[in-house]
1. Filter region 21-58 down to residues that are in a loop (DSSP other than H, G, I, E, B) and either within 18 Å of VAL192 (Cα to Cα) or in contact with a helix residue (DSSP H, G or I) (Cβ under 8 Å, 6 or more places away or on another chain) (or both), then give me how many there are.
2. Do we have SER115 as without any contact (Cβ under 8 Å) to a residue 24 or more places away in the chain and open to solvent by less than 50 Å² (accessible area, probe 1.4 Å) here?
3. Please go through region 149-186 and give me each residue that is surrounded by 15 or more Cβ atoms within 10 Å (Cβ to Cβ) and in contact with a Ser or Thr (Cβ under 6 Å, 6 or more places away or on another chain), ordered by number.
4. Condition first: touching a residue at least 12 places away in the same chain (Cβ under 8 Å), open to solvent by 70 Å² or more (accessible area, probe 1.4 Å), closer than 25 Å to VAL210 by Cβ and under 13 Å from the mean Cα position of the chain (by Cα). Can you find one or more residues in region 39-59 that meet it?
5. If I filter region 76-84 for residues that are β-branched (Val, Ile, Thr), touching a helix residue (DSSP H, G or I) at 6+ places or on another chain (Cβ under 8 Å) and farther than 30 Å from ILE16 by Cα, do I get at least one hit?
6. I need every pair where a residue in region 151-177 that is aliphatic (A, V, I, L, M) and in a loop (DSSP other than H, G, I, E, B) has its Cβ under 6 Å from the Cβ of a residue that is modelled with pLDDT of 95 or more and crowded, with 20+ Cβ neighbours inside 10 Å, sequence separation at least 6 or different chains.
7. Is it true that ARG12 is outside any loop (DSSP other than H, G, I, E, B) and over 26 Å from LEU168 (Cβ atoms)?
8. How many of the residues making up region 187-216 are surrounded by 11 or more Cβ atoms within 10 Å (Cβ to Cβ) and either at pLDDT below 95 or not in a helix (DSSP H, G or I) (or both)?
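The values are calculated or read from the model by the stated rules, or taken from the named source; none is laboratory data. Just so it is clear, the structure is predicted and the values come from calculations on it, not from any experiment. Here the Cβ positions follow ideal geometry from the backbone for every residue, glycine too, while neighbour counts run over all protein chains shown. Accessible surface areas use protein heavy atoms only, side chains included; no ligands, DNA or RNA. Shrake-Rupley method; radii C 1.70, N 1.55, O 1.52, S 1.80 Å.
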Amino acid sequence: MAGYMVYWPQDRWKEIKKAGDAGPIKVVYGSIHARMPTIASIRVGDVVFPVTYMQKHLYALARLPVTHRESAFDYTMRELGTRHSALVPEGIVEETMDRTGGIYYWSWDCKHYNSQKELPEGVRIIPLSEQMEKPHQEHQNPFNCCSKWAVWGEEGSSLEPRPLPDELLPELRFGYPKSKEKPLKFTANGSVLSSSLAATRRMSEETLEVFEKLFR
């Protein structure tokens, strides 16, 4: 089992809190953009800890043991009813309605087709009848476009800020193998540099234990 830290921006945490979403956490997404970094390295059996940084303090928001890993598209279509800007897998075409009620088709490679006759052979069409929004928690909405992967499980913790002791932050280490472990980086005034957080980071065994203690 490996532990991973993923960063949720402060505005994202405020959205979750405003929505009254206290968990339990069900899913963590990764995208192709820095705001919601890739989670391609996370596997079934690992544990993910979303964190946020507020007023110079680092908070662990939740603990999610990963029991499933799949494309964000498959997860959002099944659990949320629509894709919520998840990347469309190759070979998939969505039936779409424009503002006037007209129907067109939007493909995985960002091409627009006005009728089914124009579609490439062998594509799978997701009809409008299968794109119906389902009830879900706020944190299940990808907070950035182009989400690619989703890791999820049914044993997630509640969603609430759990402060990491400030004196332990310089001791936290991330990386793999042990010879490549590195600490967080700090500014001259003691704040954690954003570059230290804007990535999915594998924890050292000792760092994982620090996080685990917050949930016991």
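1. We begin by selecting, within region 21-58, every residue in a loop (DSSP other than H, G, I, E, B); these are 21-26, 32, 34-35, 37-46, 55-56.
Of the ones still in play, those that are also either within 18 Å of VAL192 (Cα to Cα) or in contact with a helix residue (DSSP H, G or I) (Cβ under 8 Å, 6 or more places away or on another chain) (or both) are 21, 23, 25-26, 34-35, 37, 55-56.
So the count comes out to 9.
2. Numbers: without any contact (Cβ under 8 Å) to a residue 24 or more places away in the chain: yes; open to solvent by less than 50 Å² (accessible area, probe 1.4 Å): yes.
Considered against the rule, which asks whether it is without any contact (Cβ under 8 Å) to a residue 24 or more places away in the chain and open to solvent by less than 50 Å² (accessible area, probe 1.4 Å), SER115 comes out as yes.
3. Result: GLY153, LEU172, ARG173, GLU181, LEU184.
4. At the first step, the residues of region 39-59 found to be touching a residue at least 12 places away in the same chain (Cβ under 8 Å) are 39-54, 56-59.
Next, from what is left, pick out any that are open to solvent by 70 Å² or more (accessible area, probe 1.4 Å): 43-44, 56.
Next, from what is left, pick out any that are closer than 25 Å to VAL210 by Cβ: 43-44, 56.
Subset that is under 13 Å from the mean Cα position of the chain (by Cα): none.
Checked region 39-59: no residue is touching a residue at least 12 places away in the same chain (Cβ under 8 Å), open to solvent by 70 Å² or more (accessible area, probe 1.4 Å), closer than 25 Å to VAL210 by Cβ and under 13 Å from the mean Cα position of the chain (by Cα).
5. No, that holds for no residue.
6. What qualifies is LEU159/ILE25; LEU159/LEU61; LEU159/ALA62; LEU164/LEU58; LEU172/THR207.
7. On the way: outside any loop (DSSP other than H, G, I, E, B): yes; over 26 Å from LEU168 (Cβ atoms): no.
Against the criterion (outside any loop (DSSP other than H, G, I, E, B) and over 26 Å from LEU168 (Cβ atoms)), ARG12 does not qualify.
8. Residues that pass the stated criteria total 15.
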